[in-house]
1. For the stretch 92-132, which residues satisfy the criterion of being over 22 Å from L51 (Cβ atoms), assigned to a loop (DSSP other than H, G, I, E, B) and in contact with a Gly (Cβ under 9 Å, 6 or more places away or on another chain)?
2. Just checking, does the stretch 150-163 include any residue being touching a residue at least 60 places away in the same chain (Cβ under 8 Å) and assigned to a loop (DSSP other than H, G, I, E, B)?
3. Give me a count of the residues in the stretch 132-143 that are within 14 Å of K187 (Cα to Cα) and touching a residue at least 60 places away in the same chain (Cβ under 8 Å).
4. Look through E162, E105, E145, E171 and report the one residue that is closer than 30 Å to A222 by Cα, acidic (D, E) and away from the ligand (no atom under 16 Å from the Cβ).
5. Please go through the stretch 185-207 and give me each residue that is among the small types (G, A, S) and either within 16 Å of the ligand (Cβ to nearest atom) or surrounded by 24 or more Cβ atoms within 10 Å (Cβ to Cβ) (or both), ordered by number.
6. From the set of residues in the stretch 296-321 that are surrounded by 20 or more Cβ atoms within 10 Å (Cβ to Cβ) and either more than 13 Å from T349 (Cβ to Cβ) or not assigned by TED's automatic domain parsing to the domain that holds A378 (or both), which is farthest from the chain's Cα centre (by Cα)?
7. Please pick out the residue among K138, K89 that is over 18 Å from P199 (Cα atoms), assigned to a strand (DSSP E or B) and among the basic types (K, R).
8. Which of (1) of a type in the set (D, E); (2) under 19 Å from D193 (Cα atoms); (3) at pLDDT below 95 is the odd one out, the single condition E163 does not satisfy?
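The values are calculated or read from the model by the stated rules, or taken from the named source; none is laboratory data. Quick caveat: nothing in here was measured; it's all calculated off a predicted structure. Glycine gets a Cβ as well: all are built from the backbone with ideal geometry, and neighbour counts include every protein chain shown.
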Amino acid sequence: MKKRIAALLILFFMFGVYCERSVDIVMASNSFSKEKKTGRKEMDKLLKDLLMSDGISGYEENVAKIITEALSKSCDSVETDNFGNVIGKRGNGKKKIMIAAHMDEIGMIVKHVDEKGFIYFIKVGGINDPILMGKTVKIINKKGEQITGIIGTKPPHLMNEEERKAPVKSENMFIDIGLSSKKEVLKVIDIGDQIIFEPSAGILNGDFYYGKAADNRISCYAMIKIMEKLSKNLDAEIYACATAQEEVGLKGGKTSSFKIDPDFALVIDTTVSGDTPGIDPKTSDLKLGKGVAITMIEAGGRGTIVPHKARKLILDAAKENNIPHQIDIIDGGMTDGAAIYTNREGILTGILSIPTRYIHAPASVFNIKDVEAAVDLAVKTIERQIRENR
Ligand SMILES: [Zn+2]
């Protein structure tokens, strides 16, 4: 009996040591970020909500609600137009200034459910097929519930040599939500439901943040901050527009800028950062933490060729106010700017871009200081534009 009590005591002691060890490990990872002097301990709630929210192209209702609520604090009116763009308006004056940031994210849509309950999908926006393999996704059903699924395919062990050599295509992938029949699956979700990557948002270390849908929710966040920071006494009507369906053809930027017909539009979006392995500086030498990127040419000129007048306006504002900035000349990818500057008889348009790593992947990395630089530069550019054109 005494032996048994002794054994129990030893077991208790060992369990105690184990618990203490696991507490130590948790404490250690917390102090890692706290030790950094410049870093913030927590992500701003609005930024986190925007990154975590769902809203693939054409399904922007939930993220639109967050933006509408935030913009209503700084705007005289906020409306959602026929197309799904959220447009906040403030002030009066001769000039009309438009700020545009797209709110949609890339994702997928449920296309087909097979008899065994596996879900097939189509992609919405530019997604490179190999990144999809094994990812956790959420299917948003009509009740707004998020159903967790895993993207699967035939395991490499069972592939023949030819199959193994070629990258798996998205049409050969399916989502597994843990139900075993079509009937069961269709009780939970519908054909046509949107699918997003598993929401994530947080601080990696210091000023380096991460999150789903950084393209382009970080710019939506910046736009809200710009409206809060802009002087209340500007001789102009200021429009803050969270555009819909940018990722599938710059559509919301086209319709909203036609309606607003601004004298000057400033587009805010993310751009590819070149500071990760495998990217030649000749392709991109943008770096995280080195400031907001002033975009001059997109997609080798097939996208926006920012007018010289707008480039000078933005560059002068950056230099005069010592705002950290980099120059972005990109051979691939374009923004709402391309639809806005070719709209009507041509709208004077500038583009500010926030360098971002792993764009169009389930989670991206960015530097909060670059977001802040984008806010500062947008404010100074807009105030200068109104002043110079009086
Ligand atoms: Zn974008």
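1. The answer is G117, F118.
2. No - not one qualifying residue is present in the stretch 150-163.
3. Summing the residues that are within 14 Å of K187 (Cα to Cα) and touching a residue at least 60 places away in the same chain (Cβ under 8 Å) in the stretch 132-143 gives 1.
4. None of the other options fit; the residue is E145.
5. Hits for the stretch 185-207: nothing passes.
6. This residue is A317.
7. K89
8. (2)
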